[in-house]
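A short write-up of the structure that comes next.
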Amino acid sequence: MTLEHFMNEAISPWMRENGPDSDIVLSSRIRLARNFADIPFPIIANQHDLEKIREFLQQEFEHLSFQDYKNFEFISIRDLSSIEKRVLVEKHLISPLLAQNDGTSASMISNNEQVSVMINEEDHIRIQLYFPGLQLTKALNKAFELDDWLEEKVNYAFDETRGFLTSCPTNVGTGMRASVMMHLPALAMTKQINRMMPAINQLGLVVRGIYGEGSEAVGNLFQISNQITLGKTEEDIIEDLQSVVQQLIEHERRARTRLMEQSGTELEDRIYRSLGSLKYSRIIESKEAAMCLSNVRLGIDLGIIKDLSRNILNELTVLTQPGFLQHYAKKTLTASERDVLRATLIRERLQLEE
Amino acid sequence: MECQECHKRPATLHFTQVINGNKTEIQLCEVCAKEKGYMTYPEDGYSLHNLLSGLFNFDSNHIGTQKKDSQFQQVKELQCARCEMTFSEFKRVGKFGCAECYHTFSSHLDPIFRRVHSGNTKHRGKIPKRKGGDLHIKKQIESYKSELQELIVNEEFEKAATVRDKIRELEMDIRNKQDGDQS
């Protein structure tokens with residue numbers, strides 16, 4: 001497999017487009033949790049019931065298209081190798097939990113990989129939709145249309161007072177989790193982000209690392225999402241999230257300018273050293289790679305590095321994950337073998353730009 | 001102290017292993033500990049759910065009467081008729097078994113939702129297109145009614161009359177639909 005072909009696999013087609021504020025916001029995501037009214041939730045349902053759901057959805061939706069989301073591919077998780085599963089998780093197309101429930105779980109993925117409908121995860125159905133940059137309202141509207149389209153065939157569990165009924169009480173009501181993935185290197189360097197987090201939490205929003213619940217913020221990538229799903233309309237939830245994200249963008253831009261003014265040489269040094277590590281390392285751990293990638297991307301955004309494309313952060317972040325490396329090598333690798341391959345891939349990727 | 005495996009990084013983890021009564025102590029760094037399988041993280045390691053079930057157990061109605069309650073519960077434990085999940089099981093796992101559980105446990109849920117959703121207990125968001133049925137119209141009537149109140153307070157009676165007519169029209173719609181269903 002050539003590196004270029006492999007990279008094409010790592011980057012979902014929708015990621016190539018630039019959305020609004022894409023110097024700081026990598027993507028916006030809406031997730032809706034839905035369940036069948038008459039079947040117990042996956043946590044307690046028997047295999048037979050879950051199998052019925054899987055078969056029904058496959059029959060009704062496989063290979064269909066909805067608007068721009070063409071030709072839904074129906075992927076049964078049990079047919080995948082463990083490396084293939086990991087790759088889908090690293091691309092954020094399925095959740096770690098879905099990969100684990102491999103008996104009856106499945107995912108329907110549109111061919112541009114913008115939409116993924118997870119089946120038999122914690123809930124029967126989880127609609128997930130991505131947009132590049134900051135486009136929450138657009139993502140919500142599209143998610144609602146997809147939701148209506150699915151509802152034509154599915155009898156949803158819905159209650160007048162409680163809203164959409166979900167397995168976990170933290171999702172009941174709208175069943176919606178809206179999240180925005182942000183690159184905040186200047187706020188992280190100046191440690192301002194730590195001071196901002198409590199305030200963000202107070203607004204019913206959470207800040208986490210990019211691989212969801214419990215994951216660490218690697219490479220200065222943060223995911224901001226709503227915590228509350230009951231008692232507010234989806235539009236209000238998104239408005240709150242949007243306003244916090246916009247403030248974070250402003251703070252990040254201001255912090256970048258200040259860093260440039262006050263410690264331009266140190267910043268430049270840090271950026272070029274990171275570029276050097278990426279260009280010349282022979283062994284690199286994922287944390288170090290993530291940190292260097294973040295610095296280099298900042299260098300590109302600030303115009304310090306001119307001959308590299310912006311997409312390099314998105315691409316290499318996914319590409320250097322353990323699953324992808326093993327997918328590339330076509331075999332299982334130990335951590336130290338991965339560190340070597342990671343360094344090789346990054347070097348080759350940077351050479352493509354020259 | 002340096003890590004016994006790689007001899008590079010500092011040892012931050014100390015393991016005591018007892019096999020057949022033989023005790024060995026090992027000092028490792030996190031990287032080697034993970035690699036050697038000393039540390040296993042369950043995928044769902046983040047114990048949000050443990051935390052949640054902790055929250056559920058704290059049922060403010062039952063403070064002080066907990067002992068009495070637990071004796072009482074043995075007699076009539078709430079159990080969902082459809083999926084057979086009991087209320088204590090729900091509190092332990094922190095998840096509902098099926099849609100019916102929401103009705104079965106309904107009288108106990110408000111304090112839980114309030115805690116998880118900043119004081120909210122009622123849905124205000126999307127109503128599903130098909131399943132929602134009359135609910136769309138009912139919500140519309142509600143919002144017209146509050147608009148009407150406001151108009152009356154502001155003494156804008158002409159506008160109020162139009163809104164009142166809209167409400168009547170919608171109410172007629174619902175009635176006609178119900179009659180249609182019955183016949």
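The values are calculated or read from the model by the stated rules, or taken from the named source; none is laboratory data. On a predicted model such as this, the values are computed, not experimentally measured, just so you know. Note: ideal-geometry Cβ built from the backbone for every residue, glycine included; neighbour counts use all protein chains shown. The area values use the complete protein model at the heavy-atom level, side chains included, leaving out ligands, DNA and RNA. Shrake-Rupley method; radii C 1.70, N 1.55, O 1.52, S 1.80 Å.
Taken over the stretch B:130-174, the criterion of being away from chain A (no Cβ under 14 Å) and closer than 17 Å to A:T233 by Cα is satisfied by B:Q140 alone.
For (1) modelled with pLDDT of 90 or more; (2) of a type in the set (V, I, T); (3) in the same structural domain as B:G94 (by TED's automatic domain parsing), each residue gets a yes or a no:
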position	(1), (2), (3)
B:H108	yes, no, yes
B:P111	yes, no, yes
B:G133	no, no, no
B:K138	no, no, no
B:I141	no, yes, no
B:Y144	no, no, no
B:K166	no, no, no
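Taking the conditions exactly as written (at pLDDT below 65, more than 19 Å from A:P169 (Cβ to Cβ) and open to solvent by less than 100 Å² (accessible area, probe 1.4 Å)), does B:Q4 satisfy them or not? No; evaluated as a whole, the condition is false for this residue.
Checking the stated criteria, A:I30 turns out not to satisfy the condition of being hydrophobic (A, V, I, L, M, F, W, C), farther than 25 Å from A:K138 by Cα, open to solvent by less than 60 Å² (accessible area, probe 1.4 Å) and in contact with a Leu (Cβ under 7 Å, 6 or more places away or on another chain).
Which one is farthest from the other protein chains (Cβ to nearest Cβ), of the residues in the stretch A:94-140 that are closer than 29 Å to A:V245 by Cα and in a helix (DSSP H, G or I)? Of everything passing the filter in the stretch A:94-140, A:K138 is farthest from the other protein chains (Cβ to nearest Cβ).
Within the stretch A:307-326, the presence of at least one residue that is part of a helix (DSSP H, G or I), aromatic (F, W, Y) and open to solvent by less than 30 Å² (accessible area, probe 1.4 Å) is confirmed. For the stretch B:150-167, check the following and say yes or no: at least one residue is aliphatic (A, V, I, L, M), open to solvent by 80 Å² or more (accessible area, probe 1.4 Å) and in a helix (DSSP H, G or I). Yes, some residue in the stretch B:150-167 is aliphatic (A, V, I, L, M), open to solvent by 80 Å² or more (accessible area, probe 1.4 Å) and in a helix (DSSP H, G or I). Just one residue in the set A:N194, A:N220, A:N201, A:N226 is outside the structural domain of A:I94 (by the TED database), of a type in the set (S, T, N, Q) and touching a residue at least 60 places away in the same chain (Cβ under 8 Å); that residue is A:N220. On the given criteria, is A:A343 at pLDDT 90 or above, crowded, with 21+ Cβ neighbours inside 10 Å and not charged (D, E, K, R)? Yes. Tell me, please, whether a residue that is open to solvent by 30 Å² or more (accessible area, probe 1.4 Å), within 30 Å of A:G103 (Cβ to Cβ) and out of contact with any Pro (no Cβ under 6 Å at 6 or more places or on another chain) can be found in the stretch A:16-23. No - not one qualifying residue is present in the stretch A:16-23. A search for C-beta distances below 7 Å between a residue of the stretch B:89-111 that is at positive phi and any residue that is in a helix (DSSP H, G or I), counting only pairs 6+ apart in sequence or on different chains, returns B:G94/B:H49; B:G94/B:L52; B:G94/B:S53; B:G94/B:F56.
Taking (1) open to solvent by less than 70 Å² (accessible area, probe 1.4 Å); (2) assigned to a helix (DSSP H, G or I) in turn, B:G132 satisfies each apart from (2).
Each residue in the stretch A:171-190 was checked for being within 20 Å of the chain's Cα centre (by Cα) and within 14 Å of chain B (Cβ to nearest Cβ), and 5 pass. Of everything in the stretch B:100-120 that is open to solvent by 10 Å² or more (accessible area, probe 1.4 Å), in contact with a strand residue (DSSP E or B) (Cβ under 9 Å, 6 or more places away or on another chain) and part of a helix (DSSP H, G or I), the residue that is nearest to the other protein chains (Cβ to nearest Cβ) is B:H103. Residues in the stretch A:156-170 that are in a loop (DSSP other than H, G, I, E, B), within 7 Å of chain B (Cβ to nearest Cβ) and under 28 Å from A:A99 (Cβ atoms): 6 in all. Restricting attention to the stretch A:55-73, does a residue exist that is assigned to a strand (DSSP E or B) and closer than 30 Å to A:R253 by Cα? Checked against the condition, which is being assigned to a strand (DSSP E or B) and closer than 30 Å to A:R253 by Cα, the stretch A:55-73 yields no hits at all.
Looking only at the stretch A:166-183, decide whether some residue is open to solvent by less than 20 Å² (accessible area, probe 1.4 Å), touching a Pro at 6+ places or on another chain (Cβ under 8 Å), among the polar types (S, T, N, Q) and closer than 27 Å to A:S76 by Cα. Yes, because at least one residue in the stretch A:166-183 is open to solvent by less than 20 Å² (accessible area, probe 1.4 Å), touching a Pro at 6+ places or on another chain (Cβ under 8 Å), among the polar types (S, T, N, Q) and closer than 27 Å to A:S76 by Cα. Taken over the stretch A:153-177, the criterion of being among the hydroxyl-bearing types (S, T, Y), out of contact with any helix residue (DSSP H, G or I) (no Cβ under 6 Å at 6 or more places or on another chain) and closer than 19 Å to B:M85 by Cα is satisfied by A:T166, A:S167. Filtered by the rule that a residue be of a type in the set (V, I, T) and open to solvent by 10 Å² or more (accessible area, probe 1.4 Å), the stretch A:33-55 gives A:I39, A:I43, A:I44. Taking B:I127, is it within 7 Å of chain A (Cβ to nearest Cβ) and in contact with a helix residue (DSSP H, G or I) (Cβ under 7 Å, 6 or more places away or on another chain)? No; evaluated as a whole, the condition is false for this residue.
Among the candidates A:E268, A:E252, single out the residue that is in the same structural domain as A:E315 (by the TED database) and under 25 Å from A:D21 (Cβ atoms). After ruling out the rest, the residue left standing is A:E268.
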